[in-house]
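First the structure, in the form of structure tokens, and then the observations on it.
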Amino acid sequence: MKLQHLAGALTLGAALCLASGCVTSTVDQMVFNEPSQGIGNSTVVILGRRHASDYDTEPDFVECVGDHIASGDNSIEVIGELEFVNDFYPWFEPRTAPLQLADFERMIARQPVVAEKMASLRTQYMIWIDGSTVRGDSSGSMTCAVGPGGGGCFGFGTWSNDANYEATIWDFTEHAEVGRISTTATGQSYMPAVVIPIPIIAPVQGTACDGIGDQLLQFLSSRY
Amino acid sequence: MSGLMTSVPDSKPLLWLAGALLLALLTGCGPAEVVVKGDFPAPTMEKLPLTIGVWYDPGFANHEFFDEAKSRKDSSWLVKSGEAQVQMWDTLLAGMFARVVPMSGRPGPGQMNPAVDAVLVPEIAELQYAIPAHTNVKVYEIWIRYHLQLVTTGGDPIADWTMPAYGKTPTAFLQTDQAAVNLAAVMALRDAGANFATSFARVPAVQAWLQQRLGNEREASL
């Protein structure tokens, strides 16, 4: 009987895996000074790191994490990345964005107008997300043909995607970096084709977004 | 009465179709053209208590970059960045200085211009671009090297320096080559603005001039 249950579970797992691609993910976190009562009427801004030469943190990933937090606890106000970067131009461009909290504090000490604007936004936490999702190994082959009677494809392709992100939390009240959360996710996507190619895409970036978003919610929200 | 009714087919639609086909073919042969368009935010920073003049040479204000195709499978490119350059520099300088005055001519002896503390003359020394067809990397990039001059209204040099700017479009998913090049150019212009705003007071000759104009205390806070 137990063997039947195990077989059933394995079949269900395989079916789910095939329907959406397989993703494995891990999340690590190290946080201090968690606000036990939540962040009150303060705001949070989430920004992507874009200073590396070989990758950029995707704006849609940053937006996804912000949406995850805002939908998990609607009392948390998350300021949009583009809106913030435009409001504080030129201080958060790839060339000028502060890499350390001390750099940021030095900058606002020299630019009182930036400090005033930050105060008006009531921003207590600035969260920097650094990382990207890259396409890994791929294999398989597919042939497509078109003739007078129609067309179609035949074959099979598979590829992997790897997501690797780290979120760093700056607390302006404590004047300190209060946490780092990292997540990795790996997934295999498939594309079988018998006449019509059917892509089965592994939601690697979405899984990484949920992983990092959940941990940030636990940090920021009193409900979690 | 019997007869065969014949009608001469209206040739106008055929002519239109032929014209449209010819136009499409000619368009396919022409260079890929990008007129750079974007929004540039005003800088949030302490304004320098100076009246700065700005002069855009016609070569700058109407700047175009043309790159001829190297082979038959490549296409030529024409990137028109002049209008966007002027838009970005006007917005930037208005946020950096207490007052910005456009000059009526290039500063020089005998040239009648409004009285200002100094005149900035930006020029594009070089512009390069890269698209995936060139590099096999899914990134669209633009590099600009500016030649910047700060002069008196009489044309005497105060400072003369070069400044790089770089912009890239990391992903061009669902975008045309033209849209991706435009976005890379807008990013390069934003980078130029950010670089200028944060490095202007650190250019040694500018620093010395600011010290003379504003005194040590004010200059040190920049």
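Assess whether B:Pro122 counts as being modelled with pLDDT of 95 or more and away from chain A (no Cβ under 14 Å). It is true that B:Pro122 is modelled with pLDDT of 95 or more and away from chain A (no Cβ under 14 Å).
How about the stretch B:70-83: which of its residues are touching a strand residue (DSSP E or B) at 6+ places or on another chain (Cβ under 8 Å) and not in a strand (DSSP E or B)? Give the derivation first.
The initial filter retains those residues of the stretch B:70-83 that are touching a strand residue (DSSP E or B) at 6+ places or on another chain (Cβ under 8 Å), namely B:75-83.
B:Ser75, B:Ser76, B:Ser81, B:Gly82, B:Glu83, listed by residue number.
Assigned to a strand (DSSP E or B), under 25 Å from B:Tyr140 (Cβ atoms) and not hydroxyl-bearing (Ser, Thr, Tyr): which single residue out of B:Phe60, B:Phe66, B:Phe40 fits that description? Break it down stepwise before answering.
Numbers: B:Phe60 fails: assigned to a strand (DSSP E or B); B:Phe40 fails: assigned to a strand (DSSP E or B).
Exactly one residue qualifies, and that residue is B:Phe66.
Listed by first and then second residue, the pairs linking a residue in the stretch A:69-96 that is more than 14 Å from every other protein chain (Cβ to nearest Cβ) and part of a loop (DSSP other than H, G, I, E, B) to a residue that is crowded, with 20+ Cβ neighbours inside 10 Å and at pLDDT below 95, with Cβ atoms under 6 Å apart and 6 or more places separating them unless they lie on different chains, are A:Ile76/A:Leu220. Of all residues in the stretch B:109-116, none satisfies being farther than 30 Å from B:Lys73 by Cα and within 21 Å of the chain's Cα centre (by Cα).
May I ask you to verify whether A:Pro148 is out of contact with any Phe, Trp or Tyr (no Cβ under 8 Å at 6 or more places or on another chain) and at the interface with chain B (Cβ under 10 Å from one of its Cβ atoms)?
Details: out of contact with any Phe, Trp or Tyr (no Cβ under 8 Å at 6 or more places or on another chain): yes; at the interface with chain B (Cβ under 10 Å from one of its Cβ atoms): no.
Taking the combined requirement at face value, the residue does not satisfy it.
Restricting the first member to the stretch A:43-66 and to residues that are within 11 Å of chain B (Cβ to nearest Cβ), and the second to residues that are crowded, with 16+ Cβ neighbours inside 10 Å and among the polar types (S, T, N, Q), the beta-carbon pairs closer than 6 Å and six or more apart or on different chains are A:Gly48/A:Thr57; A:Tyr55/A:Ser132.
Scanning the stretch B:125-157 for residues that are touching a helix residue (DSSP H, G or I) at 6+ places or on another chain (Cβ under 8 Å), surrounded by fewer than 20 Cβ atoms within 10 Å (Cβ to Cβ) and in a strand (DSSP E or B) yields B:Trp143, B:Leu148.
Residue by residue through the stretch A:97-113, note down the ones that are aliphatic (A, V, I, L, M), more than 11 Å from chain B (Cβ to nearest Cβ) and touching a residue at least 40 places away in the same chain (Cβ under 8 Å). If the condition is that a residue be aliphatic (A, V, I, L, M), more than 11 Å from chain B (Cβ to nearest Cβ) and touching a residue at least 40 places away in the same chain (Cβ under 8 Å), then A:Leu99, A:Leu101 are the ones that fit.
Out of the residues in the stretch A:114-135 that are of a type in the set (Gly, Ala, Ser) and within 11 Å of another protein chain (Cβ to nearest Cβ), which is nearest to A:Trp159 (Cα to Cα)? That would be A:Ser132.
Taking the conditions exactly as written (in a strand (DSSP E or B), at positive phi and surrounded by 11 or more Cβ atoms within 10 Å (Cβ to Cβ)), does A:Gly140 satisfy them or not? Yes: the conditions hold for A:Gly140.
Name the residues in the stretch B:96-121 that are in a loop (DSSP other than H, G, I, E, B) and aliphatic (A, V, I, L, M), would you? Let's see the steps before the verdict.
As a first pass, look at the stretch B:96-121 and keep what is in a loop (DSSP other than H, G, I, E, B): B:103-117.
Of everything in the stretch B:96-121, those that are in a loop (DSSP other than H, G, I, E, B) and aliphatic (A, V, I, L, M) turn out to be B:Met103, B:Met112, B:Ala115, B:Val116.
Taking the conditions (1) under 22 Å from B:Ser76 (Cβ atoms); (2) in contact (Cβ under 8 Å) with a residue 60 or more places away in the chain in turn, B:Asn136 satisfies each one other than (2). In the stretch A:156-209, which residues are among the hydrophobic types (A, V, I, L, M, F, W, C), touching a residue at least 60 places away in the same chain (Cβ under 8 Å), touching a strand residue (DSSP E or B) at 6+ places or on another chain (Cβ under 7 Å) and not in a strand (DSSP E or B)? Correct list: A:Ile201, A:Ala202, A:Val204, A:Ala208.
Number of residues in the stretch B:43-55 that are away from chain A (no Cβ under 14 Å), part of a loop (DSSP other than H, G, I, E, B) and among the aliphatic types (A, V, I, L, M): the value is 0.
Looking at the stretch B:28-37 only, could you name the residues that are assigned to a loop (DSSP other than H, G, I, E, B) and either in contact with a Phe, Trp or Tyr (Cβ under 6 Å, 6 or more places away or on another chain) or not small (Gly, Ala, Ser) (or both)? Of everything in the stretch B:28-37, those that are assigned to a loop (DSSP other than H, G, I, E, B) and either in contact with a Phe, Trp or Tyr (Cβ under 6 Å, 6 or more places away or on another chain) or not small (Gly, Ala, Ser) (or both) turn out to be B:Pro31, B:Val36, B:Lys37.
Looking at the stretch A:213-224, can you tell me whether even one residue there is surrounded by 20 or more Cβ atoms within 10 Å (Cβ to Cβ), among the polar types (S, T, N, Q) and not in a strand (DSSP E or B)? Within the stretch A:213-224 (the criterion being surrounded by 20 or more Cβ atoms within 10 Å (Cβ to Cβ), among the polar types (S, T, N, Q) and not in a strand (DSSP E or B)), the answer is yes, since at least one residue qualifies.
The values are calculated or read from the model by the stated rules, or taken from the named source; none is laboratory data. For clarity, every value in this text was computed on a predicted model and none was experimentally measured. Don't worry about glycine lacking a Cβ; one is built from the backbone with ideal geometry, like all the others, and counts go over all protein chains shown.
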